[in-house]
Amino acid sequence: MNNYLTAKVTVNSAANVIKLIVFGILFTAGVSVMPSQFKDSTLQGVVAVILTILLALPIVKVIFIYYYMSLAKKYAYVFANNTDTTITFSELRDHLHRSNVEDELQKLITKKYIKNVIVEMNTQTVVLTSENAMQANKIYVEVTCPGCGNTITIVKGEAAKCPYCDRALLG
């Protein structure tokens, strides 16, 4: 699983497919009876148009959901394959072949399709905060414990405890 996608993207979308089918059938039925409604009465025709538009709204909503899910997957793929903890908007534009990455990314975050990123508008960068991205940039050092003499690998500059004798260590 990609650490930048929310459950909203990875959830089974069978309910959305059912909505598309049901509302699609109802929308088609509404469009097909519309001309006959106008023959009988202008008011009936106007009501038929309004009901048909209302039936189209859930279809449009599901289409947008799929659009945002697809877009989120593209961004998450770039983030997951980035070797640094930051990526510039320019690099995103190059990878995704899209011009409006700032606004798209803000929408994906606001609509909760993307997680574990911080958008820095002033520096035109995206900071990747998933555990995998942070681990990739850490430098590990081997430290010999002064208490028991065992060699332990820890992150450089961070404090840790020896797993053998519980003594405090600094990387």
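Where a number appears in this text, it was derived from the coordinates with a stated rule and is not lab data. The structure displayed is predicted, hence computed values, not measured ones. Virtual Cβ from ideal backbone geometry, glycine too; neighbours counted across all protein chains shown.
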Among 150, 116, 100, residue whose mean-square fluctuation peaks in a GNM of the chain (springs only between Cα atoms under 10 Å): 150
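Too long at a 25 Å Cα-Cα cut-off: which of 19/39; 19/73; 61/112; 115/156; 107/156; 8/61? Before the final figure, lay out each step's value.
Working: 19/39 31 Å; 19/73 22 Å; 61/112 16 Å; 115/156 27 Å; 107/156 37 Å; 8/61 15 Å.
From 19/39; 19/73; 61/112; 115/156; 107/156; 8/61, over 25 Å: 19/39; 115/156; 107/156.
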Got the relative contact order for segment 24-145 handy, in percent, Cα pairs under 8 Å and 6 or more residues apart? 20 percent
Can you quote the Å³ per residue value for the convex hull of the Cα atoms in the chain, rounded to an integer? 163 Å³
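Taking N as the number of residues in segment 54-125, what value does Rg over Cα atoms divided by 2.2 N^0.38 Å take? Walk me through the numbers on the way to the answer.
Numbers: Rg = 13.6 Å, N = 72, 2.2 N^0.38 = 11.2 Å.
Relative to the 2.2 N^0.38 Å estimate, segment 54-125 comes out at 1.22.
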Report, to one decimal in Å, the Kirkwood hydrodynamic radius for segment 13-93 based on all distinct Cα pairs. 15.7 Å
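Roughly how big is the chain's charge dipole about its Cα centre, with Cβ charges of +1 (Lys, Arg) and -1 (Asp, Glu), in debye to the nearest 20? If you can, show how the numbers build up before the last one.
Values: 16 positive and 12 negative charges, 96 e Å.
For the chain, the charge dipole is close to 460 debye.
Taking R0 as 25 Å, what's the FRET efficiency between residue 99 and residue 19 from their Cβ-Cβ distance, rounded to 0.05? Spell out each step's value before the answer.
On the way: r = 32 Å, r/R0 = 1.26.
Computed FRET efficiency for residue 99 and residue 19: 0.20.
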TM-like helix rule applied to the chain (DSSP H, alpha carbon span at least 24 Å on the long axis, mean Kyte-Doolittle at least -0.5) gives 14-40, 42-80
Springs between alpha-carbon pairs under 10 angstrom, Gaussian network model over the chain: which of 85, 110, 151 fluctuates most? 151
Considering the Cα positions of segment 72-171, please state its Rg to one decimal place and its Dmax as a whole number of Å. 18.8, 57
Taking the chain and counting helices only, DSSP H stretches of n ≥ 4 at -39,500 (n - 2.57) each over all residues, the nearest-500 ellipticity at 222 nm comes to -18000 deg cm²/dmol
